[in-house]
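Take a look at the structure below.
The values are calculated or read from the model by the stated rules, or taken from the named source; none is laboratory data. If you're wondering where the values come from, they're calculated on a predicted model, not measured in any experiment. Because the Cβ atoms are built from the backbone with ideal geometry, glycine has one as well, and the counts that use them run over all protein chains shown.
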Amino acid sequence: MIGSIREPADFAGLPVVIDGAVQMAPPLWARRLAASGHGLLFLDELTTAPPAVQAAMLRVVLERVVGDLALPESVRVVAAANPPEEAADGWQLSAPLANRLVHLDWPVDAKAVAKGIAMGFGAPPVFEGHTPSDAQTLAVRAAVGAFLEVRPALALQVPQIADQAGRGWPSPRSWDSVATLLATCDAVGASESARMHLVIGAVGEGAGIEFLSWLANMDLPDPEAVLADPDGFELPERSDRAFAVLTAVATVAIAHGDAASWSAAWRVVARVAVKAPDVATLAARALAGARPDGAELPSGLLEIAPVLRAAGLLSGEGPGETGIA
């Protein structure tokens, strides 16, 4: 789909009256893609698409919905464009559209071009069948959440300059993309260079580099390994690292849904509560709301009574009245 020769209706649908009701009829290309069950929607010359067309693309890019037609989940959306100053009658990408994409600069390699012209261009490698595990996904999401706890100003920074608005910038949507991208990178064993380009492409250079530097210095343990040996892992000294570890451990234990994981997570909470009770309270509340049938709190947790009470697991205030709810 070439943006410069399309109208908003080619993405938002054309209003038609059917049985007395107005429906947004999808174009033929969208019906073909939906009928195939899978595919790639390639939006070319994106910076030549006028603002009205870019606005119509918003729901297509994010939700894969064209008119009233939802495209299959297996359909992927990829876009390409020259920089606005190099495009014919180019436009800057609107900030909302830019925030729905991961921006990658694609340099021209003269040697690769020469070889391709002389010998043919080979197909690039494709990663297939590598879905992140629940533990990988939850661990990365916990790390992103911990970073934003430390740097709340980076949760949303709407760019004020047009040149910056047309690239990646920090928002809840783009940070969610970072978590998805990094979990997939872990699943496929992607290089550090690939991880860096994807993060910066999603949230911009400033926020991306700061997050990657913070993540490198955190050196977070595997939450599965912590649950397997809750008394043996090294307790973090830094509160942000403790928050990331504890959040990941709690979310993975909840995802497992079994009593053993839930109890092991509570033992980790008890260790963190000694130095960071506020951090432990957040994890305790999450665990309290996802207690598996038959799960019992480990013995010895009464020493962190304030944390248990804040999580709603401690009842009674008088002598002889204290009990685990």
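What the table below lists for this structure:
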item: Qualifying residue in the stretch 15-25 (condition: buried (at least 16 other Cβ atoms within 10 Å of the Cβ), modelled with pLDDT of 90 or more and not hydroxyl-bearing (Ser, Thr, Tyr)); result: yes
item: Pairs, first within 27 Å of Gln92 (Cβ to Cβ) and among the small types (Gly, Ala, Ser) in the stretch 135-162, second at pLDDT below 90 and not in a helix (DSSP H, G or I), C-beta under 9 Å, six or more apart; result: Ala162/Gln92
item: Residue check for Glu296: touching a Pro at 6+ places or on another chain (Cβ under 8 Å) and assigned to a loop (DSSP other than H, G, I, E, B); result: no
item: Out of Arg241, Arg195, Arg141, Arg173, sole residue that is part of a helix (DSSP H, G or I) and either in the same structural domain as Pro277 (by TED's automatic domain parsing) or of a type in the set (Ser, Thr, Tyr) (or both); result: Arg241
item: Within the stretch 1-119, strands (runs of 3 or more DSSP E) holding 3 or more residues that are under 30 Å from the mean Cα position of the chain (by Cα) and under 27 Å from Ser177 (Cβ atoms); result: 39-43, 75-79
item: Conditions (1) surrounded by fewer than 19 Cβ atoms within 10 Å (Cβ to Cβ); (2) more than 17 Å from the chain's Cα centre (by Cα); (3) assigned to a helix (DSSP H, G or I); number of the one not met by Pro221; result: (3)
item: Some residue of the stretch 77-85 being in contact (Cβ under 8 Å) with a residue 24 or more places away in the chain and either in contact with a Cys (Cβ under 9 Å, 6 or more places away or on another chain) or polar (S, T, N, Q) (or both); result: yes
item: Positions within the stretch 128-157 being among the β-branched types (Val, Ile, Thr) and closer than 17 Å to Pro223 by Cα, in sequence order; result: Thr137, Val140, Val144
item: Filter result for Val65 (in contact with a Lys or Arg (Cβ under 9 Å, 6 or more places away or on another chain), free of Cβ contacts under 8 Å to residues at least 40 places away in the same chain and either among the basic types (Lys, Arg) or under 22 Å from Ala194 (Cα atoms) (or both)); result: no
